[in-house]
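Undergrad: Below is one structure. I have some questions about it.
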Amino acid sequence: MLQRWLLTSCLLLLALSAEAGVRRIVLIQSVERGNLTLDRFTELLRAQIDQQGQEPVNFTEFVVTPEGFVDYPQQAIVDYIRASFAGRPEPDLVITTGGPAATFGRKYRAQLFPDSPILYAAVDQRFLQGVHLTDSETAVAVANDYVGAVGEIPRLFPGTENVYVMLGAGDLGRFWRREFETEFHRFGSRLRFIWPDGMSYAQMLQRAATLPPRSAIFFISIDLDADGTNYPTGRVLDDLRARANAPVFGAQSAELGYGIIGGNLVSIEAVSAHTTRAALQILAGASPGTLTPPVQPPGPRVYDWRELQRWGVSEDRLPAGSIVQFRERSVWDRFKWLIIVSMSGLVGQMVLIGALLAGRAKRRRAEQALRESEERFRVLADSAPVLIRTTGVEARSSDFNVPWLNFTGRHVEAERGDGWLAGVHPEDVASCISTQKRAFDRREPYRMEYRLRRADGEYRWLLDSGKPRFTPNGGFAGFIGSAIDITELKAARATLSNLNRRLMEAQEQERSRIARELHDDVGQRIVAVSMGLGALINLIAGGDRRAVERIQELGREVQALVGDVSKMSHRLHSSVLEPFGLASAAQTLCREMSTRHNVAVAFVDEDVPPTLPDGVALNVFRVLQEALSNAVKHSGSDRYDVTIRGRGDRIQLDVRDQGRGFDPAVALATSGLGLVSMQERLRFMNGEVTIESSPGKGTTVRATIPLRAA
């Protein structure tokens, strides 16, 4: 007892020197050190709180002897604890471990730490029956099923008649004796229970060594023997294992490995985890009354393989899903690699010579086949009407076919490595290097167009396609590429693009002419008719009422016609584009589309220059007109976002919707005339249009056109 008080005093002195930011936890233990279950629980709890907590924690421990949990005067201990905290803040949390400590904490809480939250941990739920916990209290209870643990004995040892219950002679032992005698009545005459009444520790061990046949031992704990001596759980179990003539059973996972067979044990690890979680929540500010930690039941079933072997219990008797620990390795498990290596060595020596001979013959055949394959490939490559170039793993060209060398007029030694780049047009070298590097890094095919100097000095456009090469075992071996002359094809494309540009310019001129005629001629004449009809109404205002109504009807029709012709004129050629610029024309178009189709069109312009080079504003406006019309017609959305931005040296147009979307490739291959026209409009201006869409995910049309002349 004196050593315990000295230890507690040292802990208190350490607590006084702790920093102000450290959280303080008081642990009230039920028994002295030596109880395997509570020692294991406290060890896990402290480690888990230290590891998982956000702040450092200072633990102070007090021990309440088991005698104190049943009407034992412990006012002296209460006074000592209070004196230890005199002039210091109350702890942030009080944790009791075990039933006696929980009883002590509830009984003296008002005198100890009335303002500190308290957590009753690792306490059998019997100790809390009929107890009303306040808002500052909570509990992590354990549902010890001793009846189920005893029922495990006949399952493994059929015919068991006697069960020797090992428990102490102190107040705690007497408490459990009363509980067990009540609960064990359900076994009736099937089992006879033997109690160590008035025995010393030596007599208990002697009784365990002389039990009658068909007996088993059920170990609880020995708080005190009849002589008033307390014994550590580990020592008791070791002594039982050495002297008992019957198998030993228990109820706590911490006792497994010390001589008990096992069974449906309470997991101390799970109890500690639940307690740690609740403690950290309380330290974080949660009210204990709002926490409802689950009652920890026994399980899963765990057994000690050594004890099963000692008492001849086959694993077939164990319930399904049981866990067997401490399994010893068999001779095969311990020496299987030595056996395998030895046998392999013997077998290897027998087949080594044959394998070497067979391998030599196979290697010769493979070398011959490789030479023949390389020769066939060389003939095929030199006969192909394309330029072929191979590259090694370091992205340096290694070989060229005869058509390539004939095209460039250079020797293969001059072309190898990066030598072939000497024939590439200076403006295309950087693009070739970056494309090839990206393909090598990703191990993926590439396609690139560049100009290569022919033997006569003329640069010709080539389309170069390459694919990665791999060895039979999957190793990367470089690239093989083939190139064809597409100079005439590019010239044809340029001619076609020029024709398309001229056709679109002619179309725009024709639209402008029609718009002017509709606006300046037809529109003006219709206005004159409308004005004449209005004057006629005034002249015959006193005449036939029906004539007046008819003339009024004609006037309304003519006015509607004027509006339609005006709208047609604006659609053919925007009257806002030239005088007010691209941004104003685009905003007007969005407003008209919103009114005409009863949808929301949001328009944003950023840094759009007021004046743009010839053709830029018109082509961007036509692309917007086409893209917005297609979106309203096909997307099914009721909102569209249009953005025009000036990006330094280019103009960027974005038209977005959240509609049904489509597959651009399918649309271009079938009925995508509008998409083709947008692409052609921008191509001759060195611009480009991209379409991002997929079914069900909306559509984004993005057009980019440089401000520099094409």
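Undergrad: Based on the Cβ-Cβ distance from Ala242 to Lys362, what FRET efficiency comes out when R0 is 41 Å, to the nearest 0.05? Display every interim value, and only then the final one.
TA: Values: r = 66 Å, r/R0 = 1.61.
Once the sixth-power term is evaluated, E becomes 0.05.
Undergrad: So, one more: Sort 222-229, 647-654, 312-319 by packing, meaning the average of other beta carbons within 10 Å per residue, with the highest value first.
TA: Most protected by this proxy first, the peptides run 222-229, 647-654, 312-319.
Undergrad: So, by mean Cβ neighbours within 10 angstrom, what's the order for 238-249, 105-116, 179-190, 341-352 with the highest one leading? Kindly include the intermediate steps, with their values, before the conclusion.
TA: Working: 238-249: 17.8, 105-116: 15.8, 179-190: 11.8, 341-352: 10.1.
Peptide ranking by packing, descending: 238-249, 105-116, 179-190, 341-352.
Undergrad: So, counting K/R as plus one and D/E as minus one, what does the shell of residues with Cβ under 14 Å around Asp663 add up to?
TA: +1
Undergrad: Between beta-carbons, use under 12 Å as the cut-off and find the net charge around Val623, counting Lys and Arg +1, Asp and Glu -1. Can you show the working numbers first?
TA: Numbers: positive: Arg622, Arg681, Arg683, Arg702; negative: Glu626, Asp654, Glu680, Glu688.
Charge balance near Val623 sits at 0.
Undergrad: Put a dot 7 Å past each Cα toward the Cβ at Tyr459 and Glu680; how far apart are the dots in nm?
TA: Once both label points are built, they end up 2.9 nm from each other.
Undergrad: Here's another thing I want to ask about it. Projected onto the charge dipole of region 575-710 (+1 at Lys/Arg Cβ, -1 at Asp/Glu Cβ, origin at the Cα centre), which of Gly648, Leu612, Leu624 gives the Cα projection farthest towards the positive end?
TA: Value: Leu624.
Undergrad: Another one. Using Cα-Cα distances under 8 Å and only pairs 6 or more residues apart, what relative contact order does region 384-485 have, in percent?
TA: Details: 184 pairs, mean separation 29.5, N = 102.
In percent, rounded to a whole number, it is 29.
Undergrad: Turning to a different aspect of this structure: Given points 7 Å out from each Cα along the Cα-Cβ axis, report the Ala284 to Glu179 separation in nanometres with one decimal.
TA: Roughly 3.2 nm, to one decimal.
Undergrad: Can you sort Met531, Met199 by how many other beta carbons sit within 10 Å, fewest first?
TA: Starting with the residue having the fewest Cβ neighbours, the order is Met531, Met199.
Undergrad: Rounded, prolate or oblate: which fits region 575-710 when a ≥ b ≥ c are the square roots of the eigenvalues of the alpha-carbon gyration tensor, with rounded for a/c under 1.5 and prolate only if a/b beats b/c?
TA: Note, shape of region 575-710 comes out oblate.
Undergrad: Please sort 170-178, 481-489 by packing, taking for each peptide the average over its residues of neighbouring beta carbons within 10 angstrom, highest first.
TA: Descending packing order for the listed peptides: 170-178, 481-489.
Undergrad: Per 0.36 nm of contour for each residue apart, how much would the distance between Glu55 and Ser189 grow if the chain were fully extended, relative to their Cα-Cα spacing? Walk me through the intermediate numbers first.
TA: Details: separation 134, 0.36 × 134 = 48.24 nm, distance 5.67 nm.
Extra length available between Glu55 and Ser189 comes to 42.6 nm.
Undergrad: On to the next question. Length gain on complete extension for the stretch Phe470 to Glu449, per 0.36 nm per residue less the alpha carbon to alpha carbon distance?
TA: Details: separation 21, 0.36 × 21 = 7.56 nm, distance 2.47 nm.
This chain segment gains 5.1 nm when fully extended.
Undergrad: Would you calculate the separation in nanometres between label points at Glu413 and Val529, each defined as 7 Å from the Cα along the Cα-to-beta-carbon direction?
TA: 9.0
Undergrad: Once you sort the root eigenvalues of the Cα gyration tensor of region 104-159 as a ≥ b ≥ c, which label holds: rounded (a/c under 1.5), prolate (a/b larger than b/c) or oblate (the other case)?
TA: In terms of gyration-tensor shape, prolate.
Undergrad: Within a Cβ distance under 14 Å of Ile194, other residues only, what is the Lys/Arg minus Asp/Glu net charge?
TA: Every neighbour counted, the sum reads +1.
Undergrad: Under the rule a/c < 1.5 gives rounded, and otherwise a/b versus b/c splits prolate from oblate, where does region 223-355 land using the Cα gyration tensor?
TA: oblate
Where a number appears in this text, it was derived from the coordinates with a stated rule and is not lab data. Since this is a predicted model, take the numbers as computed values, not measurements. Glycine gets a Cβ as well: all are built from the backbone with ideal geometry, and neighbour counts include every protein chain shown.
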